[in-house]
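A.B. asks: Provided herewith is a single structure, encoded as structure tokens, for subsequent inquiry.
FYI, it's all coordinate maths here, none of it is from the lab. No experiment lies behind these values; they were computed from the predicted model shown. In this analysis, Cβ positions are derived from the backbone assuming ideal geometry, glycine residues included, and neighbour counts consider all displayed protein chains.
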Amino acid sequence: MTTPCIICVAITGSVPTKADNPAVPTTVAEQIESTHAAFEAGASILHAHVRNDDETPSSDPDRFARLKEGVEKHCPGMIIQFSTGGRSGAGKTRGGMLPLRPDMASLSVGSNNFPTRVYENPPDLVAWLASEMITYAVKPEIEAFDLSHIFRAAAMFKAGEIAATPYVQFVMGVKNAMPADKEVFDFYIHTVKRLFGAQTPWCAAGIGPNQIVLNDWAIAAGGHARTGLEDNIRLDRSTLAPSNAALVKRAVELCDRHNRPVATWQEARAVLGLRDIAA
């Protein structure tokens, strides 16, 4: 039986602004509306960042709370995943929204280079974020920017620092980090299956023009796919993406091409071992 493909939509991120693409949703109201359209198009996971009124990154728990409430109302059953990424805050402020008990949260378990800075994830902060996720029953999604991050996640799982088998996402195409390389991608899959088990679910995200490349690779290989305006603001070199939903629809078309059914929110929750809820 073919495993349904879970589509995650990363709607906003911390970098793109309306000056880059007017479709980037930066207010909570815009984010709820954009998420609803993406949900209707086939996305079953929301990966969420929030912004201040001036569009700068924020880790304000109140903004996350309002976003969560709106998504739960308008997209019943959708998996809500908060970002604990380093562009949105410093130190423990990065996990200040975890007491809101989202279904999932991103967890970067190691440092790496970004285009103009070092993305710092010191071991003590990683350990604290992981412990908060255990405390509030939040499933981590391991954001693997490097092979070592997969091994670190496996060590944390073995030590009980991650309560359930993590959902590992390969992030490829960030300048100065891991490029979109097919042989490396294939080895990532091999490594996840070797360390966590052959049935462990995994996902892939590509940055910029690599988004559709990683969508295609992941869907063809039986994994799951991330799309959205956080990672890529264009349909092609000359065309801005009109919405998050348009990028989700593009991933859905790839699922059709590879004969992969698109996961419903119920199927996505079952694959990821998340609590079932009434719509």
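A.B. asks: All but one of (1) without any contact (Cβ under 8 Å) to a residue 12 or more places away in the chain; (2) surrounded by 15 or more Cβ atoms within 10 Å (Cβ to Cβ) hold for residue 218; state the number of the condition that does not hold.
C.D. replies: Answer for residue 218: the failing condition is (1).
A.B. asks: Quick one: what pairs do we get from segment 61-75, first residue closer than 15 Å to residue 88 by Cβ, second surrounded by 17 or more Cβ atoms within 10 Å (Cβ to Cβ) and of a type in the set (Gly, Ala, Ser), C-beta under 8 Å, 6+ apart or different chains?
C.D. replies: 61/96; 64/48; 67/48
A.B. asks: Now a separate question. Please find, within segment 4-54, the residue that is nearest to residue 226 (Cα to Cα) out of those that are polar (S, T, N, Q) and either in contact with a helix residue (DSSP H, G or I) (Cβ under 7 Å, 6 or more places away or on another chain) or in a helix (DSSP H, G or I) (or both).
C.D. replies: Here the residue is 44.
A.B. asks: Just the residues that are within 21 Å of residue 200 (Cα to Cα) and either within 13 Å of the chain's Cα centre (by Cα) or basic (Lys, Arg) (or both), please, taken from segment 223-237.
C.D. replies: Residues of segment 223-237 that are within 21 Å of residue 200 (Cα to Cα), as a first pass: 223-227.
Scanning segment 223-237 gives 224, 225, 226, 227.
A.B. asks: Within segment 257-272, is even one residue under 25 Å from residue 157 (Cβ atoms), basic (Lys, Arg), surrounded by 15 or more Cβ atoms within 10 Å (Cβ to Cβ) and out of contact with any strand residue (DSSP E or B) (no Cβ under 6 Å at 6 or more places or on another chain)? First the steps, then the outcome.
C.D. replies: Narrowing segment 257-272 to residues under 25 Å from residue 157 (Cβ atoms): 263, 267-272.
Add one more test, that the residue is basic (Lys, Arg), and what stays is 269.
The next check asks that each one be surrounded by 15 or more Cβ atoms within 10 Å (Cβ to Cβ); those that pass are 269.
Within this subset, residues satisfying the condition of being out of contact with any strand residue (DSSP E or B) (no Cβ under 6 Å at 6 or more places or on another chain) are 269.
The answer is yes, given that some residue of segment 257-272 is under 25 Å from residue 157 (Cβ atoms), basic (Lys, Arg), surrounded by 15 or more Cβ atoms within 10 Å (Cβ to Cβ) and out of contact with any strand residue (DSSP E or B) (no Cβ under 6 Å at 6 or more places or on another chain).
A.B. asks: Additional query: From the residues in segment 13-28 that are closer than 23 Å to residue 143 by Cα and among the β-branched types (Val, Ile, Thr), which one is surrounded by the most Cβ atoms within 10 Å (Cβ to Cβ)?
C.D. replies: Applying the filter and picking the extreme gives 24.
A.B. asks: Say we look at segment 108-166 and pick out the residues that are β-branched (Val, Ile, Thr) and under 19 Å from the mean Cα position of the chain (by Cα); which of these is farthest from residue 204 (Cα to Cα)?
C.D. replies: Looking only at segment 108-166, we keep the residues that are β-branched (Val, Ile, Thr), and these are 109, 116, 118, 126, 134-135, 138, 142, 150, 162, 165.
Then drop every residue that is not under 19 Å from the mean Cα position of the chain (by Cα), which leaves 109, 126, 134, 138, 142, 150, 162, 165.
Working: 109: 16, 126: 21, 134: 24, 138: 20, 142: 11, 150: 13, 162: 20, 165: 17 Å.
Result: 134.
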